[in-house]
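Below is one structure, written out as structure tokens; comments come after it.
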């Protein structure tokens, strides 16, 4: 099964969402992992949702030539051209030409007094000009962590995101008051979730995005890379490796590549721990019951947010692989 594109919901403006792993524990906590594609200019808004674990395209990791090709061929553009008014929301769209004074049609020609472009052409021209300067800086020898910043307003993001808490995101973003671009992303995600069927997992069984799983007749959950069966430990490594790769390069799910990337992630100083957040196992039943009793005690004591004890990291009812590493967080 092609987990990258199976069940993908395509929206406007080249925005899309796909569920690449969907699991639920025996007491109903559902863990979803999405692969997302959206304009970088809404990424700051997406980052405000703190219940999400994310790995995302990095301007420090992607070669400038790759970003230049995307910006020139398919620049990220608004899907709604709001008319100026007071406040955060544009109630209507505008479709009038843009007049550019002292406009350079070509860098080798003289400056024109002005040019008139439609809205899409004006936006694409801005992308072309950013690409022009970025390419010149690249050829001068500047690093991609500098050069790619010029191209960010026109880039698309590839993002792997996992969460046990989606309702508040949909409540806020799949809404008429949200920016239309992030509202379209939320709509695609919501639709993808509604069409996905979760797999029931028990403690010791692992939610492993990009690894195929199958429960056999003996009730044992088995893990596969293509047709090769993996141990649970190798499945975790392949999954975390793919979460790391998916944000910046074409996926290589082979065990050889996974082990190489896994070693680089865990042996670096500091450790690159975020890809291990997407891999998780349900709480043991004893642990879950103990946390429930603690939550009830805190509620009776009128402590704020008593349900926080039901979380490990930012997942409710699940232990992230990251939380099993002794050096995952420096305090």
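Given a Förster distance of 22 Å, report the FRET efficiency between residue 93 and residue 172 from their Cβ-Cβ distance, rounded to the nearest 0.05.
Using R0 = 22 Å, I get an efficiency of 0.45.
Any idea how far apart residue 119 and residue 287 come out in nm if each label point goes 7 Å out from Cα toward Cβ?
About 5.1 nm, to one decimal.
Just rank 133, 154, 52, fewest to most, by other beta-carbon atoms within 10 angstrom.
Arranged by neighbour count, lowest to highest, 133, 154, 52 become 133, 52, 154.
Can you sort 268, 53, 163 from fewest to most other Cβ atoms within 10 Å of each residue's own Cβ?
268, 163, 53
Between residue 264 and residue 296, how many nm apart are label points set 7 Å from Cα along the C-beta direction?
Each label point is offset 7 Å from its Cα along the Cβ direction, giving 5.0 nm.
Taking the Cβ-Cβ separation of residue 142 and residue 69 as r and a Förster radius of 22 Å, what is the calculated FRET efficiency to the nearest 0.05?
Calculated transfer efficiency: 0.75.
Sorted by mean Cβ packing within 10 Å, highest first, what order do the peptides 178-190, 254-266, 9-21 take?
178-190, 9-21, 254-266
For region 257-331, count all C-alpha to C-alpha pairs, find those more than 17 Å apart, and express that count as a whole percent of the total.
55 percent
Counting each pair of different Cα atoms once, what's the Kirkwood radius of region 1-77 in Å, rounded to one decimal?
Final number for the Kirkwood radius of region 1-77 is 14.7 Å.
Enumerate the whole-percent occupancy of each 10 Å bin, from 0 to the last occupied one, for all C-alpha pair distances of region 199-324.
Answer for region 199-324: a P(r) of 13, 36, 29, 16, 6, 0 percent.
So how compact is region 50-199: Cα radius of gyration and Dmax in angstrom?
Cα only, region 50-199: 19.1, 64 Å (Rg, Dmax).
Any idea what angle helix 255-267 forms with the longest principal axis of the chain, computed on alpha-carbon atoms, 0 to 90 degrees, nearest 10?
Helix 255-267 sits roughly 90 degrees off the main axis of the chain.
Order by neighbour count: 225, 177, fewest other Cβ atoms within 10 Å first, most last.
177, 225
Compute the acute angle (0 to 90°) between the alpha-carbon long axis of helix 285-300 and the principal axis of greatest extent of the alpha-carbon atoms of the chain; round to the nearest 10°.
Relative to the chain, helix 285-300 is tipped by roughly 70 degrees.
Pulled fully out, how much extra length does the chain show between residue 194 and residue 26, if you take 0.36 nm times their separation in residues and subtract their Cα-Cα distance?
Contour length minus Cα-Cα distance gives 58.5 nm.
Given a Förster distance of 56 Å, report the FRET efficiency between residue 202 and residue 100 from their Cβ-Cβ distance, rounded to the nearest 0.05.
0.35
Cα axis of helix 180-194 to longest principal axis of the chain: angle in degrees, 0 to 90, nearest 10?
In the chain, helix 180-194 runs at an angle near 30 degrees to the longest axis.
At 7 Å along Cα-to-Cβ for each site, give me the label-to-label distance between residue 215 and residue 229 in nm.
Calculated label separation equals 1.8 nm.
Values in this text are rule-based calculations from the coordinates and carry no lab data. Just so it is clear, the model here is predicted, and its values are computed rather than measured. Counting neighbours? That spans all protein chains shown, and the Cβs are built from the backbone with ideal geometry, glycine included.
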